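Engineer: Dropping the structure in here first, questions after.
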Amino acid sequence: MFPSPREVDDVVVKLRRPLRLREPRHLDDESMARLLEESGSYRVLRKLVARQIVDKPRPGFPRHGVVVDTETTGLDHSKDEIIEIGAVAFTFNDEGHIGDVTGVYGGLQQPTASIHPDITRLTGITDEMVAGQMIDVGLLRALVDPADLVIAHNASFDRPFCEAFSSLFSGKAWACSVKEVDWSARGFDGTKLGYLIGQSGYFHDGHRAVEDCFALLEVLAGAGGATEPSAFAELLETSQRSRVRIYAEHSPFDMKDHLKARGYRWSDGSEGRPKSWWTEIDEGELATELAFLRSEIYRWEEADPPIKRLTAFDRYKA
């Protein structure tokens, strides 16, 4: 059945009327992010915003810390050089709560040789960027001198480079945010800073020293809504423990696989260390470890392998 002429005219009139569109819903960036997350199909990473520097830090945070990060020309502190250093100074209390950021320094330095292309790809730092540049030790000292604790994400790498660069880092207590926080127990898949930031719900401009320092500070403070105690509180508590380094000096050669399987590492005798297998343990584990060495390795009850007690003041040294 075909429509009548009147019905056709009614349809034409309706089509001539302006269409009424639904008013758009105006959402800010955070609201859009939450909407996506609530759908269950998306996970949104927010850009990590660095804390502001304050002139007058809040009372109740009497301690001073500094997060340090370096970019270098290579991995060997005895021959490679720092080409960038970043430092973020902050206050904290004995309970492990972070207060305020009190100072920031970032500086480039021209090395004695050209930067290898692999280092440029990793860090983004070129020979042109460092040409004529020199790290201001005076500005850096103003942040490091008051510090009760220096923190690096892999202090075994950064501390030797920093101490080779300047004596201002010597005599300081150091903590390592890789080794002295149980990130796995906190639900993280890895210890690299990129993993920690991403799983906390953020992203940042990585592999530049100051940006990495700010990123590490936020992860330690509990970025992403981490529960108490914070990673920084754990780091602070762990750094205050005494540890013991045991050197299985003169151990039988055919015992090397047993030592390696237990986590011992080989020292070639450089930098004043005994040429032997060695391990580092909590002081409370010393009696158990000595019993293992005497019964399983030396097979002599009077064996007395060299030991060295370590605190935050001498851990992670070269």
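The values are calculated or read from the model by the stated rules, or taken from the named source; none is laboratory data. As the structure is a prediction and not an experimental result, all values here were calculated from the model. Positions of Cβ are backbone-derived with ideal geometry, glycine not excepted, and every protein chain shown enters the neighbour counts. For the accessible areas, the whole protein counts, side chains as well, though only heavy atoms, and no ligand, DNA or RNA atoms are used. Shrake-Rupley method; radii C 1.70, N 1.55, O 1.52, S 1.80 Å.
Engineer: If the elastic network links every pair of Cα atoms under 10 Å, which of L27, L286, L75 fluctuates the most in the Gaussian network model of the chain?
Structural biologist: For the chain, modelled as a Gaussian network with Cα springs under 10 Å, the answer is L27.
Engineer: Restricting to DSSP H runs of at least four residues, report the calculated mean residue ellipticity at 222 nm for the chain, -39500 (n - 2.57) per run over all residues, nearest 500 deg cm²/dmol.
Structural biologist: Numbers: 11 runs with 94 residues, N = 318.
Estimated from H runs of four or more residues: -8000 deg cm²/dmol.
Engineer: At 1.4 Å probe radius, can you tell me the per residue accessible area of region 243-310 in Å²?
Structural biologist: On the way: 4260 Å² over 68 residues.
I get 63 Å² per residue for region 243-310.
Engineer: I would also like to ask the following. Out of S239, S31, S267, any idea which swings most in a Gaussian network model of the chain, alpha carbons joined below 10 Å?
Structural biologist: Ranking S239, S31, S267 by mean-square fluctuation puts S31 first.
Engineer: Then there's this: Percent of accessible area on region 243-310 owned by carbon and sulfur, 1.4 Å probe?
Structural biologist: Ligands and nucleic acids excluded, carbon and sulfur give 48 percent.
Engineer: Okay, moving on. May I ask you to compute the full-extension gain from T311 to I281, defined as 0.36 nm times their residue separation minus their alpha-carbon distance, rounded to one decimal in nm? Let's see the in-between values first.
Structural biologist: Working: separation 30, 0.36 × 30 = 10.80 nm, distance 1.19 nm.
Going from the current span to full extension adds 9.6 nm.
Engineer: Anyone know which of V88, V181, V44 comes out most mobile in the 10 Å Cα GNM of the chain?
Structural biologist: V44
Engineer: A follow-up question, please. How far is helix 155-165 tilted, in degrees, relative to the longest principal axis of the Cα atoms in the chain, given as a value from 0 to 90 rounded to the nearest 10?
Structural biologist: Helix 155-165 sits roughly 70 degrees off the main axis of the chain.
Engineer: Kindly give the semi-axes, whole Å and largest first, of the ellipsoid equivalent to region 48-143, taking each as the square root of 5 times a Cα gyration tensor eigenvalue. Before the final figure, lay out the partial values.
Structural biologist: Values: eigenvalues 198, 33, 30 Å².
Equivalent-ellipsoid dimensions as semi-axes: 31, 13, 12 Å.
Engineer: As a quick test, which of the pairs K179/K275; K47/K192; K192/K256; K47/K172; K56/K172 have an alpha carbon distance above 27 angstrom in this structure?
Structural biologist: Numbers: K179/K275 24 Å; K47/K192 18 Å; K192/K256 30 Å; K47/K172 33 Å; K56/K172 24 Å.
Going by Cα-Cα distance, K192/K256; K47/K172 fall outside the 27 Å limit.
Engineer: Please compute the per residue accessible area over region 63-240 with all protein chains in place, 1.4 Å probe, rounded to a whole number of Å².
Structural biologist: Values: 7440 Å² over 178 residues.
Averaged over the residues of region 63-240, the accessible area is 42 Å².
Engineer: Pull out the extension gain between A164 and D145, defined as 0.36 nm times the separation in residues minus the alpha carbon to alpha carbon distance; nm, one decimal. Display every interim value, and only then the final one.
Structural biologist: Values: separation 19, 0.36 × 19 = 6.84 nm, distance 1.67 nm.
The A164-D145 span can extend by a further 5.2 nm.
Engineer: For R294 and K79 in one chain, what is 0.36 nm times their gap in residues minus the Cα-Cα distance, to one decimal in nm? Walk me through the numbers on the way to the answer.
Structural biologist: Values: separation 215, 0.36 × 215 = 77.40 nm, distance 3.89 nm.
Gain on extension, R294 to K79, equals 73.5 nm.
Engineer: Over what distance in Å are the Cα centres of region 116-147 and region 157-215 separated?
Structural biologist: Spelled out, the Cα-based centre of one part sits 17 Å from the other.
Engineer: Note down the nm distance, to one decimal, between modelled labels 7 Å out along Cα→Cβ at A113 and at D189.
Structural biologist: Those two pseudo-labels are separated by 3.7 nm.
Engineer: Let's test the formula: R0 of 25 Å, r as the Cβ-Cβ distance of R34 and E237. What FRET efficiency results, to the nearest 0.05? Write down the numbers at each step before the final one.
Structural biologist: Values: r = 35 Å, r/R0 = 1.39.
Efficiency, rounded to the nearest 0.05: 0.10.
Engineer: Of all the stretches in the chain, which is the longest one without any exposed loop site, taking trypsin sites (Lys or Arg not before Pro) in a DSSP loop (any state but H, G, I, E, B) with at most 12 other Cβ atoms within 10 Å?
Structural biologist: Details: sites that count: R20, R22, R25, R43, K79, R299.
In the chain, the maximal stretch lacking such sites is 80-298.
Engineer: What distance in nm separates the simple spin-label points at R51 and F203, each placed 7 Å from Cα in the Cβ direction?
Structural biologist: Here the answer is 2.5 nm between the modelled labels.
Engineer: Tell me the angle of helix 29-38 to the major Cα principal axis of the chain, expressed in degrees between 0 and 90 and rounded to the nearest ten.
Structural biologist: In the chain, helix 29-38 runs at an angle near 80 degrees to the longest axis.
Engineer: Among (i) 15.6; (ii) 19.3; (iii) 30.0, only one was calculated for this model; which label is it, if the read-out is mean projected area of the Cα convex hull in nm²?
Structural biologist: Matching entry in (i) 15.6; (ii) 19.3; (iii) 30.0: (iii).
Engineer: How big is region 63-240 along each principal axis, measuring the range of its Cα positions in Å and listing the largest first?
Structural biologist: Its Cα atoms span 46, 32, 25 Å along the three principal axes.
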